[in-house]
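Working notes for the structure below.
The values are calculated or read from the model by the stated rules, or taken from the named source; none is laboratory data. What you are looking at is a predicted structure, and each value in this text was computed from that prediction instead of being measured. Reconstructed Cβ throughout: ideal geometry from the backbone, glycine too, with neighbour counts over all protein chains shown. Just so you know, the surface numbers come from the protein's heavy atoms only, side chains and all, with ligands and any DNA or RNA stripped out. Shrake-Rupley method; radii C 1.70, N 1.55, O 1.52, S 1.80 Å.
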Amino acid sequence: QVQLVESGGGLVQAGGSLRLSCAASGRTFSRWGVGWFRQAPGKEREFVAAIRWSGGSTYFADSVKGRFTISRDSAKNTVYLQMNSLKPEDTAVYYCAAKRPGDYVVTKMPRLKYDYWGQGTQVTVSS
């Protein structure tokens, strides 16, 4: 019983900001890994950012480095994706995914198989 629910998507102008949330229920994150992925129409799903709950190590795709940040709030059992300086090419459905604890480092998370996925939230950036 693990459920991930994304929220915070919407329409924003280029250069603006949005903060996405991924709230987990059914189990608290303590040593889990959480990743954000996105998929634009007609394109393959791509990795965006990841975080290890323990220690808070983070990793970002080159396309979002310097613009996006990822963080977690253990008390709220929630991970956030702060998206700044948004570009039209950031337009996509954003998905939160979680992986059970294991001996994987954050840099490996783009290629791992995740155990749970959220339903996705739409982010649209207008020019």
For the chain, report the accessible area per residue in Å² (1.4 Å probe, heavy atoms, rounded to an integer).
52
Could you rank Lys65, Lys113, Lys76, Lys87 by how accessible they are, 1.4 Å probe, largest area first?
Lys113, Lys76, Lys65, Lys87
For Ala14 and Ser127 in one chain, what is 0.36 nm times their gap in residues minus the Cα-Cα distance, to one decimal in nm?
40.1 nm
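Please state the charge dipole magnitude for the chain, taken about the Cα centre, from unit charges on C-beta atoms (+1 on K and R, -1 on D and E), reported in debye and rounded to the nearest 20.
Rounded to the nearest 20 debye, it is 320 debye.
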Dimensionless Rg ratio for region 70-127, taking C-alpha atoms and the 2.2 N^0.38 Å reference
1.32
Using just the Cα positions, wrap region 1-70 in a convex hull and report its mean projected area in square nanometres, one decimal place.
5.8
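Using heavy-atom solvent-accessible surface (probe 1.4 Å) with all chains present, what is the largest-first order of Asp62, Asp103? Please list the in-between numbers first.
On the way: Asp62 125, Asp103 160 Å².
Largest to smallest exposure gives the sequence Asp103, Asp62.
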Carbon and sulfur: what percent of the chain's accessible surface (1.4 Å probe)?
45
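For Lys43 and Asp73 in the same chain, what is the full-extension length gain: residue separation times 0.36 nm, less their Cα-Cα distance, in nm?
7.7 nm
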